[in-house]
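The structure appears right after this line, and notes come after that.
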Amino acid sequence: MSEAKMTELRKDLDELNELLKLAKRKKVQDFLSLEIRKLETEWISVKESLKTEPMEVTPTPSSSVTQQKKRYQIKLNGYGWDQSDKYVKIFVTLKDVQNVPKEQVFCKLTERSMELHVQDLDGKDYLLVINKLLNDINVVDSHWKQKTDMVVVFLAKSQPNIKWSHMTEVEKKFEDQKNNRFKPADNMDNKDPQESIMGLMRNMYETGDDEMKKMISKAWYESQHKKRTDTLDL
């Protein structure tokens, strides 16, 4: 504050000195000289007070205050689902989610996708993404609710009363291809069935997207595990 006052006083002094140079009448000159001396005295007084005045130090916030605590994002894969005539209901289990403020639990929806966001639950963010829904949903009529240790998302069907066989296109495609692989083809009469199945699985894995590859890997693992179990049983 004192430094600002000194600056203003110096500007006034400079302007008065300029006026003194232009003044021709003695009375005016004496008046200006008197004012200049007053301001100079005040300027010196302010300057002296600055020397004794303790400097105002703005405390530097500690890094723990200035930097927000980093939260880790956890991507969810597991969920349950059910359906009625109007809604496809998705059940996501998260302990203590009922304690999270409502504005920190929300969904981003499109006609064929859903993202559930849960922010700052025990210092972590949670995200569930479901892409390529089997059928269109009505975004406006969809909603979600927080319950004890669970979030329930209500996806409104664009076509009520239409039953969904699967949650996503990928799951249905995988199921259809898995069923079709057992149908004999004209050129498979002399082929080893196991080899044909392996070729089909390999082709599906190479041409599929990330979700398809994940499902094939899971099916392959379960198949191999079952084989080992059957061998041990024998």
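The values are calculated or read from the model by the stated rules, or taken from the named source; none is laboratory data. These figures come from a predicted structure and were not determined experimentally. We place every Cβ from the backbone using ideal geometry, glycine too, and count neighbours over all the protein chains shown.
With respect to Asn138, determine if the residue is surrounded by 13 or more Cβ atoms within 10 Å (Cβ to Cβ) and not assigned by TED's automatic domain parsing to the domain that holds Met212. Talk me through it step by step, then tell me what you get.
Working: surrounded by 13 or more Cβ atoms within 10 Å (Cβ to Cβ): yes; not assigned by TED's automatic domain parsing to the domain that holds Met212: yes.
Judged against the criteria, Asn138 is a match.
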Restricting the stretch 64-116 to residues that are in contact (Cβ under 8 Å) with a residue 24 or more places away in the chain and part of a helix (DSSP H, G or I), the residue that is surrounded by the most Cβ atoms within 10 Å (Cβ to Cβ)
Val97
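Go through Asn179, Asn161, Asn190 for me and flag whichever is more than 30 Å from Val105 (Cβ to Cβ), exposed (fewer than 13 other Cβ atoms within 10 Å of the Cβ) and modelled with pLDDT of 70 or more. Outline the logic, then answer.
Values: Asn161 fails: more than 30 Å from Val105 (Cβ to Cβ); Asn190 fails: modelled with pLDDT of 70 or more.
Only one candidate qualifies: Asn179.
Can Trp144 be described as outside any strand (DSSP E or B), of a type in the set (A, V, I, L, M, F, W, C) and under 27 Å from Asp210 (Cβ atoms)? Write out each step before concluding.
Details: outside any strand (DSSP E or B): no; of a type in the set (A, V, I, L, M, F, W, C): yes; under 27 Å from Asp210 (Cβ atoms): yes.
In short, no.
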